[in-house]
Amino acid sequence: MKILYVASECKGFIATGGLAEVAGSLPKAIMKKRRSYDVRVVLPLYKQIKEKFGNELVYLGHKYVNMPRENCYAGVFTYELDGVKYYFIDNEYFFKRDGSLYGHFDDGERFAFFSKAVLETLDIMDFYPNIIHTNDWHTALVNIYLDIYYKKHSYYTNIKSVFTIHNIEYQGVYGLDFNKNVMSIDPKYLSIVEYNGAINLVKGAIVTADLVTTVSPNYANEIKNDFFACGLASIINKNAHKLRGIINGIDVNFYNPKTDKAICPKYDAKTFEKKAKNKAKLQKMLGLEVNPDTCLISIISRLASHKGIDLVISRFHDIMRSNVQFVVLGTGDKYLENKFCEFAGNYPGRVSACITFNNELSRKIYAGSDVFLMPSKMEPCGLSQMIASRYGAVPIVRATGGLKDTIIDYGDDGNGFVFQDFNSFHMLDKVRQAADLYQNKEEFNKLAKKAMSVDFSWMVSALSYINEYEKLK
Ligand code: GLC
């Protein structure tokens with residue numbers, strides 16, 4: 001079985017969020033589970049990748065891709081990392097840019113080009129997949145173009161397509177003139193991508209893909225409801241027969257406190273007592289009082305309101321009435337960033353605000369904190385609650401999306417703390433319950449070790465993907 005996995009970011013090369021974690025670990029996990037599978041990944045050749053890998057990338061060839069504005073150069077490079085073959089689509093105009101990966105005025109055009117170039121350059125890759133698996137709106141046009149145009153050519157006729165929704169909030173919505181200027185789909189097919197008087201790429205991919213997956217069973221149900229589906233509930237419901245929710249795994253080899261180079265001393269559930277050293281070092285590094293008896297709560301998140309950060313802000317002073325310390329790592333809305341900086345000033349030695357993103361620091365924080373707070377309003381899957389568990393930081397989550405599928409409340413003999421409603425007082429109750437339990441070291445450590453022992457690896461979910469791929473054959 002040959003699968004081409006198409007993504008706009010991928011750990012090991014370029015990462016801004018959860019999608020990169022998945023793209024960087026799922027293909028490997030599938031091939032580990034089934035030796036007969038050949039899963040390869042294709043990405044845009046961003047400036048940052050070129051800078052990092054430079055001459056190590058092998059040039060395979062190029063062609064010109066027909067776009068309404070002009071014929072655009074598409075170079076194809078390849079590179080192998082950890083046994084996975086990667087392809088990169090090169091076009092300096094679209095991808096050699098400073099600043100962030102997304103948020104450019106012409107993102108729609110950049111990713112339309114990328115999507116078309118992927119389909120156009122299979123011959124240069126010399127890879128003829130049985131399945132093309134795309135992710136989120138950036139690559140949705142692969143499913144759409146494949147269905148409308150490419151399947152007509154014998155070369156592509158038997159290719160099936162899978163589309164994964166990592167977050168339905170981002171749909172790739174453009175005005176109708178996007179078709180004339182960028183997509184150039186024959187008007188007779190326009191109803192496939194049109195929705196509510198606009199172009200909606202995620203809608204188009206849902207309609208045209210052979211299989212649609214999302215990143216947890218619970219989120220697959222939630223998006224049948226408009227509150228979660230951000231306007232697409234009717235489309236989801238009409239296509240529910242081909243929708244599956246498969247929970248993400250994490251790369252348990254990378255996120256492993258027993259081998260992680262970012263932390264010292266290393267530990268696992270059997271040597272759990274060594275975690276205390278990591279906590280003391282973290283407290284010192286962040287300028288917090290070095291005190292083993294204070295419960296250290298962490299948040300590692302994009303600072304955005306749908307992550308539930310507002311709840312934390314609104315109850316912050318109440319939280320600080322317990323014997324706790326607080327560390328936040330992340331960037332996002334300026335208002336929220338400033339709020340945490342203000343709190344750090346209000347509570348010297350007790351609160352630390354790290355307004356940055358840094359994977360190495362995040363692992364030190366997972367290893368050094370006792371409790372990990374993730375009160376999301378919506379969370380398709382969420383990876384941090386699993387990573388925190390792996391490092392023995394007990395998660396407190398709201399029961400939504402994948403958080404509900406992965407964390408069970410302590411009261412139900414579970415592996416963390418769970419509150420149901422998106423309500424700051426309900427969150428506060430759970431934070432206090434966790435902080436109180438922390439004072440009973442024996443019970444708390446039992447819970448933390450239990451959190452560590454849950455298997456969040458890809459092994460079960462990789463098999464679910466394999467089963468779904470097999471059904472498409
Ligand atoms: C998105 C979702 C997150 C999920 C990740 C990987 O970032 O918001 O919940 O874990 O994708 O699928």
Q | Neighbour-limited loop hits for trypsin sites (Lys or Arg not before Pro), region 1-37 (at most 12 other Cβ within 10 Å; DSSP other than H, G, I, E, B) | A | Arg35
Q: Could you please state, rounded to a whole Å, how far the C-alpha centre of region 112-191 is from the C-alpha centre of region 27-100?
A: 17 Å
Q: Figure the gain on full extension for Asn323 and Asn181 (residue separation times 0.36 nm, minus the Cα-Cα span) and round it to one decimal in nm.
A: 45.2 nm
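For region 348-446, what class follows from the C-alpha gyration tensor (a ≥ b ≥ c being the square roots of its eigenvalues): rounded when a/c is under 1.5, otherwise prolate if a/b is larger than b/c, else oblate?
Numbers: a/c = 1.38, a/b = 1.12, b/c = 1.23.
Judged from the Cα gyration tensor, region 348-446 comes out rounded (a/c under 1.5).
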Q.
Whole-Hz ³J(HN,Hα) for each residue in region 367-378, computed from phi via Karplus 6.51 cos²θ - 1.76 cosθ + 1.60 with θ = phi - 60°, x for glycine and proline: what do you get?
A. 6, x, 9, 8, 9, 10, 9, 9, x, 3, 6, 9
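Looking at the chain, send over the antiparallel percent of its DSSP beta bridges, to the nearest 5. Write down the numbers at each step before the final one.
On the way: 20 of 66 bridges.
About 30 percent, rounded to the nearest 5.
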Q) Quick one: Cα centre-to-centre distance for region 327-362 and region 405-473, in angstrom? A) 25 Å
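I'd like the FRET efficiency for Asp123 and Ser453, computed as 1/(1 + (r/R0)^6) with the beta carbon distance as r and R0 of 51 Å, rounded to 0.05. Each step should come with its number before you reach the end.
Details: r = 48 Å, r/R0 = 0.95.
Between Asp123 and Ser453 the formula returns 0.60.
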Q: Can you work out the accessible area per residue across region 1-89, with the rest of the protein chains kept in place, probe 1.4 Å, in square angstrom?
A: 41 Å²
Q.
Using DSSP to call loops (not H, G, I, E or B), can you name the trypsin sites (Lys or Arg not before Pro) in region 226-302 whose Cβ has at most 10 other Cβ atoms within 10 angstrom?
A. Lys261
Q) Counting Lys and Arg as +1 and Asp and Glu as -1, what is the net charge of the other residues whose Cβ lies under 13 Å from the Cβ of Asp333? A) +2
**Q.** Interchain or long-range residues, amide H under 5 Å from Leu43's placed H
**A.** Tyr87, Phe88, Ile89
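With r defined as the distance between the Cβ atoms of Tyr73 and Lys258 and R0 fixed at 45 Å, what FRET efficiency is calculated, to the nearest 0.05? Could the numbers behind the result be given before it?
Working: r = 47 Å, r/R0 = 1.04.
Calculated value: 0.45.
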Q.
Spelling out what I want: for every residue of region 224-232, take phi, set θ = phi - 60°, compute 6.51 cos²θ - 1.76 cosθ + 1.60 (Karplus), and round to whole Hz; glycine and proline get x.
A. 7, 10, 5, 4, 8, 7, 6, x, 9
**Q.** Test item: Cα-centred dipole of region 1-108, Lys/Arg +1 and Asp/Glu -1 on Cβ, debye
**A.** 560 debye
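Any chance you could run the full-extension gain for Tyr335 through His104? It's 0.36 nm times the residue separation minus the Cα-Cα distance, nm to one decimal. Intermediate results must be reported in sequence, preceding the final value.
Details: separation 231, 0.36 × 231 = 83.16 nm, distance 2.27 nm.
Value of the extension gain: 80.9 nm.
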**Q.** In order through region 339-356: 3J(HN,Hα) via Karplus (6.51 cos²θ - 1.76 cosθ + 1.60), integer Hz, x for Gly, Pro
**A.** 4, 5, 5, 4, 4, 4, x, 5, 10, x, x, 10, 10, 10, 10, 9, 8, 6
Q: Give me the accessible area of Ser305, 1.4 Å probe, in Å² rounded to the nearest 10.
A: 50 Å²
Q) Given H placed 1.01 Å from N in the peptide plane, which residues other than close sequence neighbours of Ser352 have an amide H under 5 Å from its amide H? A) Phe326, Val327, Val328
Q: Could you tell me which chymotrypsin sites (Phe, Trp or Tyr not before Pro) in region 76-135 are loop residues by DSSP with no more than 16 other beta carbons within 10 angstrom of their beta carbon?
A: Tyr102, Phe105
Q. Ignoring the sites themselves, what is the longest stretch of the chain with no GluC sites (Glu not before Pro) in a DSSP loop and at most 16 other beta-carbon atoms within 10 Å?
A. 290-473
**Q.** Dipole in debye (nearest 20) - the chain, about Cα centre, beta carbon charges: Lys, Arg +1; Asp, Glu -1
**A.** 940 debye
Q: Quick one: which residues, 5 or more positions from Thr134 or on another chain, have an amide H under 5 Å from its amide H? H modelled 1.01 Å from N in the peptide plane, none for Pro or chain starts.
A: Val6, Val162, Phe163, Thr164
Q.
If you fit an axis through the alpha-carbon atoms of helix 18-33 and take the longest principal axis of the Cα set of the chain, what angle between them do you get, 0 to 90°, nearest 10?
A. 80 degrees
Q: Find which of Cys230, Ile263, Val142 sits farthest along the positive direction of the dipole of the chain, computed with +1 on the beta-carbon of Lys and Arg, -1 on that of Asp and Glu, about the Cα centre.
A: Ile263
Q. How much accessible surface area, in Å² rounded to 10, belongs to the heavy atoms of Cys10 with a 1.4 Å probe?
A. 0 Å²
Q | Solvent-accessible area, 1.4 Å probe, carbon plus sulfur percent, for the chain | A | 51 percent
(Q) Among DSSP bridges having both ends in region 308-428, what percentage is antiparallel? Round to the nearest 5. (A) 0 percent
Q: For helix 424-438, report the angle its Cα long axis makes with the longest principal axis of the Cα atoms of the chain; keep it between 0 and 90° and round to the nearest 10°.
A: 60 degrees
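In square angstrom, what is the accessible area per residue of region 99-224 with a 1.4 angstrom probe? Write down the numbers at each step before the final one.
Details: 4270 Å² over 126 residues.
Heavy-atom SASA per residue in region 99-224 reads 34 Å².
The values are calculated or read from the model by the stated rules, or taken from the named source; none is laboratory data. Everything quoted here is computed from the prediction, not taken from an experiment. Here the Cβ is made from the backbone with ideal geometry for all residues, glycine too, and neighbour counts use every protein chain on show. In case anyone asks, the SASA skips ligands and DNA or RNA and just uses the protein heavy atoms, side chains included. Shrake-Rupley method; radii C 1.70, N 1.55, O 1.52, S 1.80 Å.
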